[in-house]
Structures are given as C-alpha cells and as structure tokens.
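Q: Dumping the structure here so I can ask a few things about it.
The values are calculated or read from the model by the stated rules, or taken from the named source; none is laboratory data. Predicted model only: the values in this text are computed from it and were never measured. As a convention, Cβ positions derive from the backbone with ideal geometry for all residues, glycine included, and neighbour counts pool all protein chains shown. Note: accessible area is taken over every heavy atom of the protein model, side chains too, but ligands, DNA and RNA are not part of it. Shrake-Rupley method; radii C 1.70, N 1.55, O 1.52, S 1.80 Å.
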Amino acid sequence: MRKWLKIVLGLSFTTIIFLIVLGFVFYKMLHAPLPVYEGEISTREINGGIEIYRDSLAIPYILAQNEEDAAFALGYVHSQERMFSMDLIRRAGEGRLSEVLGSEMLPFDKMFLTVGIRKFAYDNFSRIDPVVRKLLVSYAAGVNYYIKNQKGKYPVEFDILGYEPYEWKPEHSLIIIRMMGWELNIAWWVDYTYAYIAARIGSKKAAEILPEYISSEPFGNQLFLDDNKIDLSFIKTDRRFRQLFGFGGTQIGSNNWAVNNSASSSGKPIIANDPHLAYSAPGRWMAAVLRGGDLRAEGVTLPGVPGIVIGKNENISWTLTNLMADDCDFYIEKIDSSGKNYLLDGKWKELQSRKVRIKVKDSLDAEYVIKYTHRGPIVSDIHPYDFLYSNREISRSVISMRWNGNDFSDEMLAFYKINIARNWEDFRDALKSYALPGQNFVYADKDGNIGYLMGSRIPLRGGTKQAVIYDGSTSAGDWKGYLPYYSQPFFLNPPENYIATANNKVVENFSQYITTLWEPDSRIKRIRELLQSKKQHSADDF
C-alpha cells in the first residue's frame, strides 16, 4: 500500500474514532440530565405514596394523599424540567449572579439587593400563613431531593458555567414571586421617564403633554426648570438585566375575558386568557395537574413556586393579566454634609444602613452599603443619578424608592385559597392577602357566574399623584397606607359587615383618591369639547 494512502486511511480512521467518542460524550452530557419519566423513587420525606403520570405532551399529573406531598412532588418535577432557570432567577433576587457569572453582574446584584427582594423574603417568611409555610417547606424538600440525587448529572448549563445549584430554601419561592412582581411592575420607570422629559422641555410644556404631571402640590416648578442632565442609569441597569434574561420585546402583553352562561351556546360560561410574558426557552409557564388533600386543581405553574397560578378546579376557573398599577414612587432626598442624615419637614433624620457582601467569581468579594430613609432604600447609590435641582453647589441628587413590594403581603396564601376555592365568596376572600404583581383576576364558575377582581394594593398618597420624582424633603408626597381592600372601585357588593364598620375617614380618602384616579382631567375634557365642535382645529388647540 502506498504511503500517502496509509496516511489518508490512518487520519480518516482517527477522525472517525474521535467523532464517535465526541458524539458519545455529548450524548451523555445532554442525555444524563433529562427527566426520568419511568421508575420508582423511595424517600422518607413524604407522608404517603405519590404517583406521577405524564401524558403525550409530558404534562405531569401528580396524585398525592395530602397537600404537602403534592407540593413535594411538584418541587421535584419542577427541578427535573427547570432547575437552571429556577436557580438563575433566585440568584438574581439574592444578589448572587456575580458568584457564578463574574464581575459584570455586579450592577445587577447591587440593584436587587438594594431593591430589597432578598431582605423581604428572609425577613417575612415567619409571617407567612402556617399552612402555606408547610407547603413551601415541602416544596423545597422536593427541589432538594432532586439536587442531592442528581449530583453529577445536572443540566448542561451548569457544566458550561462550571458550578452546581445550592440548597433550595423555602424563602427562595418568595424571591421568585417578588422577582415576578418586579418584572411586571412598570410604574417605577414611568416616573424616571417623565422626569427626564420634563427636565428637557421644562415644567410648562410637560404639564401640557403629560396630564398626569399636573399637580396641586408646589413641587413641579422647583424641579426640572432648566436641568437637562437627568441620568437614566438606574433604568438602563434594569433594562440591561431584562435584556440579559430575555424579559423585553414588543410581544409582551396580556388579555383575558369571560362571558356568562346566557351568552354561551353550551349554556356554560366561557373564560379565556392570553397571559404572554416575554419569550423564553424554556417557557415561563409549566402546565401541571395537582391532586392532594383539598388541592384538586390544574393549569399552569410558575417553576420555583408551589401551586397553580392560572387554571381551574372542580368549581371555579380563573385567569390573570397585568394590571399595571402605580405602586412605586421616587423621592429626591436632601442629605447633610456627613452623609448620615436626611431632611424631612425641616428636621434631620438619621439614615439607616446595612452592609452586604457580594461574592464575585475569579475576583475579590465586593462590599456594598445600602442606605434607607423611612420610605425605602436609596437607589441612586447603585449608579450616581445626576443632580436635578437648580442649586449647583450640590453635584448629585440622592433618590429613595417607595415600592409596594417591600411591604408585607402573602401571595402564596392568596393562590392557595384560590386553588381550593368553591365559589365567588372564597375567591374574593383569597385576594385580601394579595399585593403584587398587580393583576386583573377574571373569574367563572360551574354555576354560570363570571366576575372580575383587581389584585393589587393601591397606595393612598398625601396629595395628587405626581408622574415625576417627588421632593423628599417634605412628607407631603408620602404614602398614607393603602386603599382598603373592599373600597376598591370594582367592589360593587362589598360584605355587609365591612360597610357597617367602615369609618368616615376611610370613605372620604377613598372618594378623594378615586376622583384623582378616574375623573378625566381638564386637558382631556378640552380635547372632547374641541372634537365635538364642527370647526377646523390646529395642533395648537390640543
């Protein structure tokens, strides 16, 4: 055999062997983490037997003897299918992205630690309803059973990034919920954006084109007069995070509706939902059927959280879309020369502070001090926010944030009660503990009834809502609490005992607030008047 032929055959044989070995390695890497849909698993962490079936679409049917075991099984199933995405989103909320992705993630870790999502989860877990706490503990046990027994066979993303998932805690499910609340909250960047526009075009023009900017409070003229240096770095940081996780795009938006039995050819109500979030792979939702104790529901779940988010049970069905409630405000604070006190109504108050340490991959740990006013965290310490006042002696402004998400609420209890609800009264009662993300809850039941509830807490502000950043040196723009649950404008038939006990002050504040929120302002009235007349109009008329 000629020498060149031997070389060609040798190289060809070597290449074939190399490709076979490489293919085998890739096959093992990609195949090993795949969920096992058959077999039997033994554990002492459940109270009874659990059966999990999957249909042709791989939708799991979880049959358990009690609710805690159903939560355990759902935690295990979620981990089989979504462990990497679950781990990544809890890391973001805990400020631990830099630990595995490096120093480029530091702005995101600082942002979420400052926003306070991790702090909320750990500070308030003990306040969660005891029944729900048990479900969260069982769910975490199911996730950890997967983490422990899947070691060495985690999804390929973990191998590529060179790390392993850490223990799942019950508090992590609260972080997942709060992260969803932050993702669907659009109120926080509206104030920044309007402030930026007002700073560039002036207060007078802003009042003409942004009706919500009109305020009876004396803030508007002292802010944004000729300053066009509004820094949008806080918004940009969040937007970079959303781009990194694929939370952006024009495809985002939702719809839901229902018709009762009189409008249906079947004689039964029809309810529909189009809850599309940002595109992602894998998808955000995961369908499941849950049976265990009083829990007999099916629909879509949010990996990282036990229970059905959108779906139905034997008696009712429910759907969700984003409410876009205004549940976040910003305040420009005046700080003294020591940097330790802020001015409020003519008096200096001490800033609270908390030091956090952020682990960074292949680098030294980063330390960061988070400061707080009585309203909430100082967010301008994440990225300096350019000076807004006309006083040029101060080089930068200090911005604090008041967000609904930093106040206690029990969304897990709300959804648990919805999952087991038998009728409209149960459904209505369930949402009393719900706050965020603000959602439109549409309802239908087996008896032909349909309904709507606003799932959110609406802040009661001291004055007219400003669509820009408040002056923090006065308490005039502070929140005075929340609109009482049964005082929401969509409650046409609040319980009789609530009407009997409502005090005049609450009703008065409610009326003032609804007037501010719903009555068309003078500009819209003017537009209607002009449109109803028959003469020609120029753009200046509007």
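For every residue, the table says whether it meets (1) over 23 Å from the mean Cα position of the chain (by Cα); (2) β-branched (V, I, T).
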{"site": "I316", "(1), (2)": "yes, yes"}
{"site": "T319", "(1), (2)": "no, yes"}
{"site": "K334", "(1), (2)": "yes, no"}
{"site": "S338", "(1), (2)": "yes, no"}
{"site": "Y342", "(1), (2)": "yes, no"}
{"site": "G346", "(1), (2)": "yes, no"}
{"site": "R354", "(1), (2)": "yes, no"}
{"site": "V360", "(1), (2)": "yes, yes"}
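Q: Separate question: Taking into account only those residues within region 127-165 that are assigned to a helix (DSSP H, G or I) and basic (K, R), which is nearest to I62 (Cα to Cα)?
A: Within region 127-165, the match that is nearest to I62 (Cα to Cα) is K134.
Q: Determine the pairs where a residue that is at positive phi, located within region 363-379, has a partner that is modelled with pLDDT of 90 or more with Cβ atoms under 6 Å apart, the partner being 6 or more residues away or on another chain.
A: Cβ pairs passing all conditions: G376/S400; G376/M401; G376/R402; G376/N406.
Q: Got a sec? Which of D365, D345, D326 is surrounded by fewer than 20 Cβ atoms within 10 Å (Cβ to Cβ), acidic (D, E) and at pLDDT below 95?
A: D365
Q: Hey, another quick one. Which ones in region 368-401 are among the small types (G, A, S) and either modelled with pLDDT of 75 or more or touching a helix residue (DSSP H, G or I) at 6+ places or on another chain (Cβ under 7 Å) (or both)?
A: G376, S380, S400
Q: While we're on this one: Within region 134-158, how many residues are touching a Pro at 6+ places or on another chain (Cβ under 6 Å) and either open to solvent by 40 Å² or more (accessible area, probe 1.4 Å) or under 30 Å from V398 (Cα atoms) (or both)?
A: 2
Q: Is it the case, given these coordinates, that V131 is of a type in the set (A, V, I, L, M), in contact (Cβ under 8 Å) with a residue 40 or more places away in the chain and surrounded by fewer than 16 Cβ atoms within 10 Å (Cβ to Cβ)?
A: In short, yes.
Q: Moving on. Can you tell me which residue in region 32-54 is surrounded by the fewest Cβ atoms within 10 Å (Cβ to Cβ), limited to those that are in contact with a strand residue (DSSP E or B) (Cβ under 7 Å, 6 or more places away or on another chain) and of a type in the set (D, E, K, R)?
A: Among residues in region 32-54 that are in contact with a strand residue (DSSP E or B) (Cβ under 7 Å, 6 or more places away or on another chain) and of a type in the set (D, E, K, R), the one surrounded by the fewest Cβ atoms within 10 Å (Cβ to Cβ) is E51.
Q: On to the next question. For region 298-323, what are the residues that are surrounded by 22 or more Cβ atoms within 10 Å (Cβ to Cβ), assigned to a loop (DSSP other than H, G, I, E, B) and of a type outside the set (A, V, I, L, M)?
A: Correct list: P303, G304, P306, G307.
Q: Now for a separate question. Which ones in region 418-448 are open to solvent by 50 Å² or more (accessible area, probe 1.4 Å) and farther than 20 Å from R296 by Cα?
A: K432
Conditions tested, residue by residue: (1) at pLDDT 95 or above; (2) within 30 Å of G477 (Cβ to Cβ).
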| site | (1), (2) |
| --- | --- |
| D226 | no, yes |
| K236 | no, yes |
| Q243 | no, no |
| N260 | no, no |
| S264 | no, no |
| A297 | yes, no |
| I308 | yes, no |
| N313 | yes, no |
